[in-house]
Every structure is written in structure tokens, then in C-alpha cells.
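**Q** Here's a structure for you.
What follows draws every value from the coordinates through simple rules; no lab data is involved. What you are looking at is a predicted structure, and each value in this text was computed from that prediction instead of being measured. Quick reminder, even Gly has a Cβ in these numbers, built from the backbone with ideal geometry, and neighbours come from all protein chains shown.
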Amino acid sequence: MTQPTATNAAMTANPKSWIGTVQIITAAVCWGTLGIFSTFLYESGFNGLQIAILRIVTAAVLILVMLPKLWPQLVKLPAGQWLGLGLQSLIGVLGMTVCYVFAVIYVGAGTAVALLYTAPVFSLVFSHFLLKEHITKQSALLALLAVMGVGLTTAGSSNSANWGIVLGLLSGVCYSLYGVLGKRAMHYSHSAPLVFFTSIISSAVVLLFVPATYETYAQLIQLPTITWWYALGLSLVGTVAPFLLYMKALEKLPATRASVFTIFEPLTALFLAMLLLQQALAPIQYFGVVLILLAALLNAVLNSTTTRVPRWLSRRRRV
């Protein structure tokens, strides 16, 4: 019997790599639909907070099927770790969702998702001050490129659009803090499903104390069935499904390589915004969006070749 060669091993592993790539691209495309579903719900009469409620609370109901499997891990979590997970959730899930949805309403899905991708810039700053990590010249140049892109996206904007840009940037801040706080507060090998579950559930529990939550679902019940599908799409297609796909992809691809393919998220949002919502930008604003996405892509590519991400951290992703 012949011994397996390196070539044979590569050929055997290659199909898994391709499957992982398809899964990560599909996840990114699903995340890219968030702005579209948010816009449809806004046009159905919901405000930004209500849309955030529909996304988080509905997703929490869907992922309760994970509870029996995660229960042994949940009961072992000490109070301090619950506090860290809760803080991550309120900032990275609830805060990001609210800011992002309002940004979509004010400036459109394409611009909002591009502004969300300024998160690596804020991560540099927060990591420097909170984690004492050094800012390299390469990182600073990429941050400058992203800042230039943000400046160009504001060209010719109205006051309401300017508010949308501010909220879009705040969504990037929340996105970046989710990861930075995780690095600072969590030095334990929590499984990715546990982090995802607690992030969604923690924010949903907080929203259950908000009267607007019950008003939102009472309003939803009275609307046509198509609106229910929009709410389900926001939570299932835009939240739960992409996370599960992303985690499956990480079983076959390194996290740093997988992050490169998430660029399909803003590209999907831009394409769907033009196709379904007829949302167009001025040429100079498109150039600004390109600069932001280029900075994010270069950051992912360069990190994938220079940085080895710890296993416990590599399984974190925005929800």
C-alpha cells in the first residue's frame, strides 16, 4: 500500500477549503441583507429601535434550540464572566444594531455598511489604550485611508445624512469594542456558540424590560404577512444563519483567511441597495466607500500573512 504524499493530502484538504470558502461568502452575503430587510421594515412603519428589537428578540427565540446543548457551559460561568459577556452584548450587539439600523434609515444600506467597516480603525485606537497594543506604521496608514474614505462619503450630504454618517461610525465603534472588550475581559476558551448565544440572549433580556418591545410585536401582528417575513429574514437570514455558516467555515479555514472573504458583505449591501431600493450615491461618495472597503480588505489580507490569531479569539465574529 502506497504512503500518502503531500500532494495527495493537499488534494484531500482542498475540497474542504473550497466548501469553507463558499460557506464564508454565503455568510457574508447573508449579513449584507441586514440593511435591505431593515429598509423594508422601516417602510412598513417601524422605527430604528423597533427594527433592532425585531432583529434581536426574534433571533433570541430562534436560538433557544441551542439551550439544552449549552446549558452545562452556562451553569459553570462565574458572575464575573457573565458581566463581561453582558457588556459585550449591550455594546456589540444591541448598540451596534441600533446605530446601524438608524444609519441605514438616514444614509442607505450601502453607505451604512461601508461605515460599519471602519471598525478596524477604532480597534487600533481602543486596543492601544485598553490593551496597550502598539500601533504599527502599516496600521496607521490603513486607518488614514479609511478616514479619507469617510470624508469623501460625507461630500454633499444633508444634515440628516450627516447624522446617518455619525451613527454609521458609531456602529463601527460598537463593532470594534465587541472584539476589544472580548480580548480584555475574556481569557477563557469559551466556545463560539456560547459567545453567540449569550450575546443575543443578554440583549434580548434587556429589551424585554423595554415597553417598546411589546408594542413592536403588537404592531407586527396587525401588519400583512409579508412584513412578518421581513422580520424573520432580518433575524434568520441576517443574523442566525450567517453566524452558523461562519462557524462551520472556521472548521475548514483559518479565521484570518476567512475574514478576507467577509468583504462580500458590504458588496452585497451595495448591490442590493441599488437593485432593490434604487439607492445611488454620487461618484465621489462611491470612491469614498471604495477607500473604506480597501482599507478593511488590506487590513484582513496583511493580518492573515503576519499575525497568528489565538484560537479562543479567532472564533469571534459580529452578530
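**Q** Give me a comma-separated list of calculated 3J(HN,Hα) values for the range 191-207, in order, Karplus coefficients 6.51, -1.76, 1.60 applied at θ = phi - 60°, integers in Hz, x for any Gly or Pro.
**A** Couplings: 5, 4, x, 5, 4, 4, 4, 5, 5, 5, 5, 4, 5, 5, 4, 4, 5 Hz.
**Q** If you stretched the chain out fully between Trp163 and His128, how much longer would it get, using 0.36 nm times the residue separation minus the C-alpha to C-alpha distance?
**A** This chain segment gains 9.8 nm when fully extended.
**Q** Calculate the spin-label point distance for Gln222 paired with Ala79, positioning each point 7 Å from the Cα along the beta-carbon direction, and give it in nanometres.
**A** 4.3 nm
**Q** Report, by chain and number, residues whose modeled amide H sits under 5 Å from the one on Glu133, excluding near sequence neighbours (fewer than 5 apart, same chain).
**A** His128
**Q** Separate question: So for the pair Trp71, Leu267, with labels modelled 7 Å out along Cα→Cβ, what separation do we get in nm?
**A** My value for the distance between the label points is 4.4 nm.
**Q** Sort Thr118, Thr225, Thr136, Thr111 by Cβ crowding within 10 Å, fewest neighbours at the top.
**A** Thr225, Thr136, Thr118, Thr111
**Q** Here's another thing I want to ask about it. Starting at the first residue of the range 215-227, write each ³J(HN,Hα) from the Karplus equation 6.51 cos²θ - 1.76 cosθ + 1.60 with θ = phi - 60°, in whole Hz, x for Gly and Pro.
**A** Values per residue, Gly and Pro as x: 5, 5, 6, 5, 5, 4, 4, 7, 8, x, 4, 4, 5 Hz.
**Q** Near the amide H of Leu223, under 5 Å away, which other amide H atoms are found, from residues 5 or more places off or on another chain, if H is placed in the peptide plane?
**A** Amide H neighbours of Leu223: none.
**Q** Hey, what do the phi angles of the range 86-97 turn into as Karplus ³J(HN,Hα) couplings, whole Hz, using 6.51/-1.76/1.60 and θ = phi - 60°, x for Gly and Pro?
**A** Those phi angles translate into x, 5, 4, 5, 5, 7, x, 9, 5, x, 5, 5 Hz.
**Q** How many nm separate the modelled label positions at Val290 and Asn47, each set 7 Å beyond the Cα in the direction of the Cβ?
**A** Taking the simple label geometry, Val290 and Asn47 are separated by 3.9 nm.
**Q** If you take the square roots of the eigenvalues of the alpha-carbon gyration tensor of the range 27-314 and sort them as a ≥ b ≥ c, do you get rounded (a/c under 1.5), prolate (a/b over b/c) or oblate?
**A** The shape class here is oblate.
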